[in-house]
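This report concerns only the one structure given below.
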Amino acid sequence: MLRVTDLSSYLYCARKLYLERVLGLREPYKPALAKGSVRHETYEAVVLGEEQIVSKISEGFTLADIQSLYRKACRDCLQKKIETYRLRLAKFGVDAESLFIKTLPLVIVEFDERALVVYGFMERHEVYGKELWKRLTPKIQTEIRVESTSLGIRGIVDQIEVYENGYVPVELKTGKTPKEGVWPGHEIQLAAYALLLQEKFQTTVKEGFVKYLDTHERRHLAFNPFTHDEVRELITTVTLLLDNWEVPDFVENRNKCISCGLKQECYNPLKIQALLTEKRPSTTIE
Ligand code: SF4
């Protein structure tokens with residue numbers, strides 16, 4: 001079964017996907033990955049603890065009071081995550097304290113917005129504490145595993161906003177933000193999650209969002225039958241590619257190779273041939 005991220009990886013560089021998934025090569029762990037994991041896991045932890053935050057809200061709370069509850073959770077969760085990654089960060093010469101100082105405002109800005117949503121809901125419905133949590137819409141679910149044997153894909157959705165009338169997938173991305181819209185790989189990833197969620201919840205998923213965390217941009221995507229067809233076609237293409245013993249050509253935009261962690265192996269034809277011979281099942285002729 002394919003992973004949803006295989007689809008976006010294919011769009012980035014088919015050869016790279018092949019080297020990883022068929023020939024078993026692995027990119028070395030990079031500092032950006034460790035920093036990204038700290039961010040992702042902090043968001044997840046704050047969302048998972050949201051019931052406790054909201055349950056503390058009582059009548060008379062101002063927006064600033066609610067923001068301060070979220071901010072404290074952001075600080076605590078980020079601190080814990082950085083501790084978990086401290087050794088790995090140190091290996092790359094990343095100073096944990098500087099990372100904390102740099103990352104905290106980025107995490108806080110996201111949850112200040114969430115505090116605003118909660119505050120607005122509280123004001124409109126005049127509910128507080130546990131009752132506020134019970135009735136709060138949208139609620140956020142995080143790291144949801146989804147898979148479909150009929151589609152042949154599986155994956156983990158970063159977040160789902162749960163409304164009374166439906167589900168909205170949200171992907172959190174660190175790194176460069178496109179000038180407009182979303183990167184093609186992110187679009188196909190979100191569309192694939194929408195398809196998976198449709199099947200899981202037996203409902204139509206009409207839209208989703210990509211949140212570019214470094215620039216605090218939330219980009220909207222609408223889904224329609226054409227998007228779904230595109231995902232299905234891509235699943236077929238990628239499945240065929242990975243079932244084949246032909247290494248795809250180099251990526252068209254060679255600028256991508258500059259920062260690629262597989263560059264050395266990729267440009268070494270002897271190494272590639274040796275791996276193909278090693279991995280390819282031998283056929284015996286009787
Ligand atoms: S070096 Fe370039 S062509 Fe090779 S896998 Fe990386 S991005 Fe693709």
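Return the total of residues in region 19-38 being more than 28 Å from D243 (Cβ to Cβ) and in contact with an Asp or Glu (Cβ under 9 Å, 6 or more places away or on another chain).
1
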Exercise. Among the candidates E171, E143, E131, which residue alone is surrounded by fewer than 17 Cβ atoms within 10 Å (Cβ to Cβ) and either among the polar types (S, T, N, Q) or on the phi < 0 side of the Ramachandran plot (or both)?
Worked result: E131
Exercise. So is L19 outside the structural domain of V118 (by TED's automatic domain parsing), crowded, with 19+ Cβ neighbours inside 10 Å and either closer than 30 Å to A274 by Cα or not β-branched (V, I, T) (or both) or not?
Worked result: yes
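Would you say G261 is small (G, A, S), more than 16 Å from the ligand (Cβ to nearest atom), surrounded by 15 or more Cβ atoms within 10 Å (Cβ to Cβ) and not in a helix (DSSP H, G or I)?
Numbers: small (G, A, S): yes; more than 16 Å from the ligand (Cβ to nearest atom): no; surrounded by 15 or more Cβ atoms within 10 Å (Cβ to Cβ): yes; not in a helix (DSSP H, G or I): yes.
Taking the combined requirement at face value, the residue does not satisfy it.
Can L213 be described as touching a Lys or Arg at 6+ places or on another chain (Cβ under 7 Å), within 16 Å of the ligand (Cβ to nearest atom) and on the phi < 0 side of the Ramachandran plot? Step through it out loud before you land on a result.
Details: touching a Lys or Arg at 6+ places or on another chain (Cβ under 7 Å): yes; within 16 Å of the ligand (Cβ to nearest atom): no; on the phi < 0 side of the Ramachandran plot: yes.
Spelling it out, it is not the case that L213 is touching a Lys or Arg at 6+ places or on another chain (Cβ under 7 Å), within 16 Å of the ligand (Cβ to nearest atom) and on the phi < 0 side of the Ramachandran plot.
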Exercise. Pick from region 1-45 the residues that are farther than 20 Å from N255 by Cβ, modelled with pLDDT of 90 or more and hydroxyl-bearing (S, T, Y): which of them is nearest to the ligand (Cβ to nearest atom)?
Worked result: T5
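Can you tell me which residue within region 237-251, out of those that are away from the ligand (no atom under 16 Å from the Cβ) and loosely packed, with under 15 Cβ neighbours inside 10 Å, is farthest from P281 (Cα to Cα)?
At the first step, the residues of region 237-251 found to be away from the ligand (no atom under 16 Å from the Cβ) are 237, 239-240, 243-245.
Checking the rest, the ones that are also loosely packed, with under 15 Cβ neighbours inside 10 Å come to 237, 240, 243-245.
Values: T237: 22, L240: 17, D243: 12, N244: 12, W245: 10 Å.
Checked region 237-251; the qualifying residue farthest from P281 (Cα to Cα) is T237.
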Exercise. Given (1) modelled with pLDDT of 95 or more; (2) closer than 19 Å to G49 by Cα, where does E110 come up short, assuming only one miss?
Worked result: (1)
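So that you can scan it fast, the table gives a plain yes or no per residue for (1) over 15 Å from T5 (Cβ atoms); (2) among the small types (G, A, S); (3) part of a loop (DSSP other than H, G, I, E, B):
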{"site": "V162", "(1), (2), (3)": "yes, no, no"}
{"site": "E171", "(1), (2), (3)": "no, no, no"}
{"site": "P178", "(1), (2), (3)": "yes, no, yes"}
{"site": "G181", "(1), (2), (3)": "yes, yes, yes"}
{"site": "I188", "(1), (2), (3)": "no, no, no"}
{"site": "A191", "(1), (2), (3)": "no, yes, no"}
{"site": "Q198", "(1), (2), (3)": "yes, no, no"}
{"site": "T237", "(1), (2), (3)": "yes, no, no"}
For this session: With the condition kept exactly as written, say whether any residue in region 157-174 is over 23 Å from A115 (Cβ atoms), of a type outside the set (V, I, T) and in contact (Cβ under 8 Å) with a residue 60 or more places away in the chain.
Result: no
Problem set entry | Qualifying position, being touching a Lys or Arg at 6+ places or on another chain (Cβ under 7 Å), at pLDDT 95 or above and in a helix (DSSP H, G or I), among L78, L69, L132 | L69
Problem set entry | Where a residue in region 251-264 is outside the structural domain of Y18 (by TED's automatic domain parsing) and its partner, wherever it lies, is among the aliphatic types (A, V, I, L, M) and within 8 Å of the ligand (Cβ to nearest atom), with Cβ under 6 Å and at least six apart | L262/L19
For this session: Go through region 264-286 and give me each residue that's more than 15 Å from the ligand (Cβ to nearest atom) and assigned to a loop (DSSP other than H, G, I, E, B).
Result: R280, P281, S282, T283, T284, I285, E286
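Every residue, every condition in (1) in a helix (DSSP H, G or I); (2) under 16 Å from M1 (Cβ atoms); (3) modelled with pLDDT under 95, yes or no:
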position: V146; (1), (2), (3): no, yes, no
position: V168; (1), (2), (3): no, no, no
position: A194; (1), (2), (3): yes, no, no
position: H220; (1), (2), (3): no, no, no
position: R232; (1), (2), (3): yes, yes, no
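Answer yes or no as to whether V94 is under 24 Å from R75 (Cβ atoms), aliphatic (A, V, I, L, M) and part of a loop (DSSP other than H, G, I, E, B). It would help to see each step written out before you state the result.
Numbers: under 24 Å from R75 (Cβ atoms): yes; aliphatic (A, V, I, L, M): yes; part of a loop (DSSP other than H, G, I, E, B): yes.
Yes.
The values are calculated or read from the model by the stated rules, or taken from the named source; none is laboratory data. Computed from a prediction, not measured in an experiment: that's the story for all the values here. Cβ coordinates were reconstructed from backbone atoms using ideal geometry, including for glycine residues, and neighbour counts include every protein chain displayed.
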